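Visitor: First, the structure itself, so that you have it in front of you.
The values are calculated or read from the model by the stated rules, or taken from the named source; none is laboratory data. Bear in mind the structure is a predicted one, so any value in this text is a computation, not a measurement. Methodologically, a virtual Cβ is constructed for each residue, glycine included, from the backbone with ideal geometry; neighbour enumeration extends over all protein chains shown.
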Amino acid sequence: MKTKEVRELSTDGVFVFVGYVPRTDLVKGVVKMNQWGYVETGEDMSTDLPGVYVAGDIRSKRFRQITTAVADGTIAALAVQKFVKDHKQAA
Ligand SMILES: Cc1cc2nc3c(=O)[nH]c(=O)nc-3n(C[C@H](O)[C@H](O)[C@H](O)COP(=O)(O)OP(=O)(O)OC[C@H]3O[C@@H](n4cnc5c(N)ncnc54)[C@H](O)[C@@H]3O)c2cc1C
């Protein structure tokens, strides 16, 4: 890519690197994001907008794997449940 040199390589398969640009347009300008466009969250997956939680690859974190995404989802679901319960009691 840097030298623009073109070479032919004999291979049995190719893994395409899809890049690191997150699809966060939906919440752009709504919740706080880092410089790379990932959503900043607390430990409970909360964003800076009360009642909005995110989970998985969309959030700023070190490792993006299925297991970490699923764990985020569990944490977010439990945190949302608590948020709704607390707000019902306050109303
Ligand atoms: C090539 C590749 C190989 C990988 N290999 C592994 C592996 O071997 N092991 C592993 O653990 N992890 C692997 N990962 C990482 C793993 O796939 C992710 O960490 C995981 O899928 C994240 O889950 P997610 O639900 O956060 O996001 P995703 O699985 O990306 O799901 C997000 C969904 O939201 C949808 N979406 C986006 N925007 C909108 C919108 N505006 N409205 C509605 N829907 C929307 C998308 O279409 C998508 O279906 C790999 C990733 C890639 C790209």
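Visitor: Cβ-Cβ distance below 7 Å, separation of 6 or more or different chains: which pairs start in segment 62-80 with a residue that is over 13 Å from GLY42 (Cα atoms) and end on one that is among the basic types (Lys, Arg) and more than 7 Å from the ligand (Cβ to nearest atom)?
Guide: THR68/LYS61
Visitor: Hey, another quick one. Go through segment 47-91 and give me each residue that's in contact with a Lys or Arg (Cβ under 9 Å, 6 or more places away or on another chain) and either part of a loop (DSSP other than H, G, I, E, B) or loosely packed, with under 13 Cβ neighbours inside 10 Å (or both).
Guide: Hits for segment 47-91 are THR47, ASP48, LEU49.
Visitor: Hey, another quick one. Kindly establish whether GLY37 is on the phi > 0 side of the Ramachandran plot and either without any contact (Cβ under 8 Å) to a residue 60 or more places away in the chain or small (Gly, Ala, Ser) (or both).
Guide: Answer is yes for this residue.
Visitor: Would you check if VAL18 is in a loop (DSSP other than H, G, I, E, B), within 12 Å of the ligand (Cβ to nearest atom) and on the phi < 0 side of the Ramachandran plot?
Guide: Yes; evaluated as a whole, the condition is true for this residue.
Visitor: Does SER10 satisfy the criteria of being under 11 Å from the mean Cα position of the chain (by Cα), at pLDDT 95 or above and more than 11 Å from the ligand (Cβ to nearest atom)?
Guide: Answer is no for this residue.
Visitor: When you scan segment 21-35, how many residues do you find that are within 11 Å of the chain's Cα centre (by Cα) and over 24 Å from ALA77 (Cβ atoms)?
Guide: Of the residues in segment 21-35, 1 are within 11 Å of the chain's Cα centre (by Cα) and over 24 Å from ALA77 (Cβ atoms).
Visitor: Can you name the residue in segment 21-46 that is within 16 Å of the ligand (Cβ to nearest atom) and part of a strand (DSSP E or B) and is also surrounded by the fewest Cβ atoms within 10 Å (Cβ to Cβ) among such residues?
Guide: MET33
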